[in-house]
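Here the structure comes first, spelled out in structure tokens, and everything after it is commentary.
The values are calculated or read from the model by the stated rules, or taken from the named source; none is laboratory data. Keep in mind that this is a model prediction, so the values were computed, not measured. Ideal geometry is used to build each Cβ from the backbone, glycine not excepted, and the neighbour counts take in all protein chains shown.
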Amino acid sequence: MSSIIDDLKMQYKFGGITQRLIYWNVTCFLISLVFFYQFSVGVFYFPNWIALSSDPSVFILKPWTLLTYAFLHDGFGHIFFNMIVLNFSSTLFLTFFTQKQLLGLYVLSLIFAGLAFVSGYYFLNFAASIVGASAAIMAILVATTTYQPLMNVRLLLIGNVKLWHITLVILVIDLMQIRVENTGGHIAHLAGAFFGYLFVVLLRNGNDLSTIVSNIIDFFVNLFGKSKSTPFKKVHKNYKKSIEKPISKIITKDKTQQQIDEILDKISRSGYECLTKEEKDFLFKARK
């Protein structure tokens, strides 16, 4: 059991942003089962301080719901399908873009789609709430399609198809169902798709929107990590005490870091599962 937990920890630490997003979504789903699932009637009930409400008077007082709603799902089928498509679309996206761009697109698209949902329901004079990561996943899929529409994708039982064929079918289904059921969800999906297209168009013109998220994350990391700089200054002050011993330590550290970098490169190319048992054990010891 401990080996499984250690393996999951290693996948989370070195698996990339896609694995982390899946972990976060699954963890939030399991937590919501405990606190928000009504076993007597068999449905979820998400309060408006965590789900995104279309009522402007509620939304304005709880702006954080523009983020929290995307990590909630109203059923096992809902989260299972979303995580499958997230893994599929993110794998294609990372063929051309970076991990930071994936995270930036995910966060910004769910905010944009949330605002589109609130605005759309306000003008339609509807009142409802929304949960789910579908809008951000649509943004990732459409962004990849916009950048490389003729990319070949092999589907089970179907064979090779163009990426734009898959995306077009999904968009047509959303358009056909927008007035039939789950109107708010389809509005969010289409808004996410539009943002994915806009993301790539702006990127081609030299404007990387993902830097907004990266800069915010770096700001908070630097803000809460300033105290960690003191020990490093002390090390530099004592550097003159010896010459030979520090050199040997630096060489050892470089070799270890080089081996870590080689393993991380292997993970980025083929995934965590391609590592040998020795490489997994080495990473686990290095993490400690």
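The condition of being assigned to a helix (DSSP H, G or I), among the hydroxyl-bearing types (Ser, Thr, Tyr) and without any contact (Cβ under 8 Å) to a residue 40 or more places away in the chain holds for only one of Ser57, Ser32, that being Ser57. Check the range 265-273 and report whether any residue there is outside any helix (DSSP H, G or I), at pLDDT below 80 and surrounded by 10 or more Cβ atoms within 10 Å (Cβ to Cβ). Checked against the condition, which is being outside any helix (DSSP H, G or I), at pLDDT below 80 and surrounded by 10 or more Cβ atoms within 10 Å (Cβ to Cβ), the range 265-273 yields at least one hit. Scanning the range 57-89 for residues that are at pLDDT below 90 and in contact with a helix residue (DSSP H, G or I) (Cβ under 6 Å, 6 or more places away or on another chain) yields a single hit, Phe59.
Yes or no, residue by residue, for (1) more than 29 Å from Thr27 (Cβ to Cβ); (2) hydroxyl-bearing (Ser, Thr, Tyr); (3) touching a Leu at 6+ places or on another chain (Cβ under 6 Å); (4) in the same structural domain as Asn82 (by TED's automatic domain parsing):
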site: Tyr106; (1), (2), (3), (4): no, yes, no, yes
site: Ala113; (1), (2), (3), (4): no, no, no, yes
site: Ala116; (1), (2), (3), (4): no, no, no, yes
site: Asn152; (1), (2), (3), (4): yes, no, no, yes
site: Leu168; (1), (2), (3), (4): yes, no, no, yes
site: Gln177; (1), (2), (3), (4): yes, no, no, yes
site: Leu190; (1), (2), (3), (4): no, no, no, yes
site: Phe199; (1), (2), (3), (4): no, no, yes, yes
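Answer yes or no: is there a residue in the range 15-34 that is basic (Lys, Arg), within 19 Å of the chain's Cα centre (by Cα), under 27 Å from Asn215 (Cα atoms) and in the same structural domain as Pro149 (by TED's automatic domain parsing). Within the range 15-34 (the criterion being basic (Lys, Arg), within 19 Å of the chain's Cα centre (by Cα), under 27 Å from Asn215 (Cα atoms) and in the same structural domain as Pro149 (by TED's automatic domain parsing)), the answer is yes, since at least one residue qualifies. Here the condition is being crowded, with 18+ Cβ neighbours inside 10 Å and either under 19 Å from Ile178 (Cα atoms) or charged (D, E, K, R) (or both); of Ser119, Ser53, Ser90, it holds for Ser53 alone. What residue, among those in the range 27-39 that are out of contact with any helix residue (DSSP H, G or I) (no Cβ under 7 Å at 6 or more places or on another chain) and surrounded by 14 or more Cβ atoms within 10 Å (Cβ to Cβ), is nearest to Ile260 (Cα to Cα)? The selected residue is Ser32. Here is a check on your reading of the model: is Val153 farther than 13 Å from Ala113 by Cβ, touching a strand residue (DSSP E or B) at 6+ places or on another chain (Cβ under 9 Å), free of Cβ contacts under 8 Å to residues at least 60 places away in the same chain and not in a helix (DSSP H, G or I)? Spelling it out, it is not the case that Val153 is farther than 13 Å from Ala113 by Cβ, touching a strand residue (DSSP E or B) at 6+ places or on another chain (Cβ under 9 Å), free of Cβ contacts under 8 Å to residues at least 60 places away in the same chain and not in a helix (DSSP H, G or I).
Of all residues in the range 79-104, those being within 10 Å of the chain's Cα centre (by Cα) and within 18 Å of Arg154 (Cα to Cα) number 3.
Based on this model, can you work out whether Leu150 counts as aliphatic (A, V, I, L, M) and crowded, with 24+ Cβ neighbours inside 10 Å? So Leu150 fails the test. Is there any pair linking a residue in the range 172-191 that is among the acidic types (Asp, Glu) to one that is part of a helix (DSSP H, G or I), with Cβ under 7 Å and at least six apart or on different chains, and which? Matching pairs, first to second residue: Asp174/His186; Asp174/His189; Asp174/Leu190.
Suppose the filter is within 21 Å of the chain's Cα centre (by Cα) and of a type outside the set (Asp, Glu); does Thr146 pass it? The answer is yes for Thr146. Among the residues of the range 77-116, just one is among the hydrophobic types (A, V, I, L, M, F, W, C), free of Cβ contacts under 8 Å to residues at least 12 places away in the same chain and over 25 Å from Tyr197 (Cβ atoms), namely Phe80. For the range 129-149, filtering for residues that are in contact (Cβ under 8 Å) with a residue 60 or more places away in the chain and more than 15 Å from Ile178 (Cα to Cα) leaves 6.
Residue by residue through the range 56-67, note down the ones that are of a type in the set (Ser, Thr, Tyr) and surrounded by 17 or more Cβ atoms within 10 Å (Cβ to Cβ). Across the range 56-67, the qualifying residue is only Thr65.
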